[in-house]
Amino acid sequence: MSSPHFTYEPVGATRDDPAFCPPGYHSLHVRTRIGEGERVFRRASEAVLTWEMHRAMGVGMETDADRAAPDVDVTVTLAGIIRAPCRVVWTQDEPRRRGWAYGTLAGHPESGEESFTVDRTGDGTVWLTVAAFSRGQKWYARAAGPAARALQQAYARRCGATLRRLCADLAED
């Protein structure tokens, strides 16, 4: 799809520390309660791993893969105008935590990494966490400054609201 080279270092940093933020980047960390129970966890995990959450938000996810997996290329499109080439850098599939992260490739308006993880805590509560570190790569992303960061926050909150809606019909276990 795009250049094989990431536009940032260290690739994969959000896996072990979602709060990681290298110097010169801005961090994002939005956690949204999705619901409760194993059924909600499974449904939310599948919606995140299969791009369904993003597509339900109206975000284009151009890829040949049915689900997120390391080294899968995906081009995120917003409003049919912004094209953002990315590559999945890690996935996680554990009994209580599932998700993935992408890193930006050449041509992406931002430089950095963003992760989408679904967790089920000890009390059964299911959470979506969207975490990222980024900085403007293209001139318009740099010029947008704080407005771009506000849009990223709104996008992360919308991810949570969309995932909660996708899981709303499931009864608590």
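The values are calculated or read from the model by the stated rules, or taken from the named source; none is laboratory data. All values reported here derive from a predicted model rather than from experimental measurement. Heads up, the Cβs are rebuilt from the backbone with ideal geometry, glycines too, and the neighbour counts pull from every protein chain shown. Heads up: the accessible areas ignore ligands, DNA and RNA and are worked out on the full protein's heavy atoms, side chains in. Shrake-Rupley method; radii C 1.70, N 1.55, O 1.52, S 1.80 Å.
Things worth noting here:
- In segment 16-33, the residues that are at pLDDT below 90 and within 22 Å of Val74 (Cα to Cα): Pro18
- Selection status of Gly37, open to solvent by less than 60 Å² (accessible area, probe 1.4 Å), on the phi > 0 side of the Ramachandran plot, in contact with a strand residue (DSSP E or B) (Cβ under 9 Å, 6 or more places away or on another chain) and not hydrophobic (A, V, I, L, M, F, W, C): yes
- Scan of segment 120-154 for residues that are at pLDDT 90 or above and either within 19 Å of Thr7 (Cβ to Cβ) or aliphatic (A, V, I, L, M) (or both), ordered by number: Val126, Leu128, Val130, Ala131, Ala132, Phe133, Ser134, Arg135, Ala154
- In segment 96-137, the residues that are farther than 21 Å from Ala150 by Cα, within 16 Å of the chain's Cα centre (by Cα) and open to solvent by 20 Å² or more (accessible area, probe 1.4 Å): Arg97, Arg98, Asp119, Trp127
- Hits in segment 151-170 - residues which are out of contact with any Ser or Thr (no Cβ under 9 Å at 6 or more places or on another chain) and open to solvent by 60 Å² or more (accessible area, probe 1.4 Å): Leu151, Gln153, Arg158, Arg165, Ala168, Asp169
- Check on Ala47, on the phi < 0 side of the Ramachandran plot and in contact (Cβ under 8 Å) with a residue 60 or more places away in the chain: yes
- The listed residues are Ala132, Ala143, Ala168, Ala161, and the only one of them that is part of a helix (DSSP H, G or I), in contact (Cβ under 8 Å) with a residue 24 or more places away in the chain and not charged (D, E, K, R) turns out to be Ala161.
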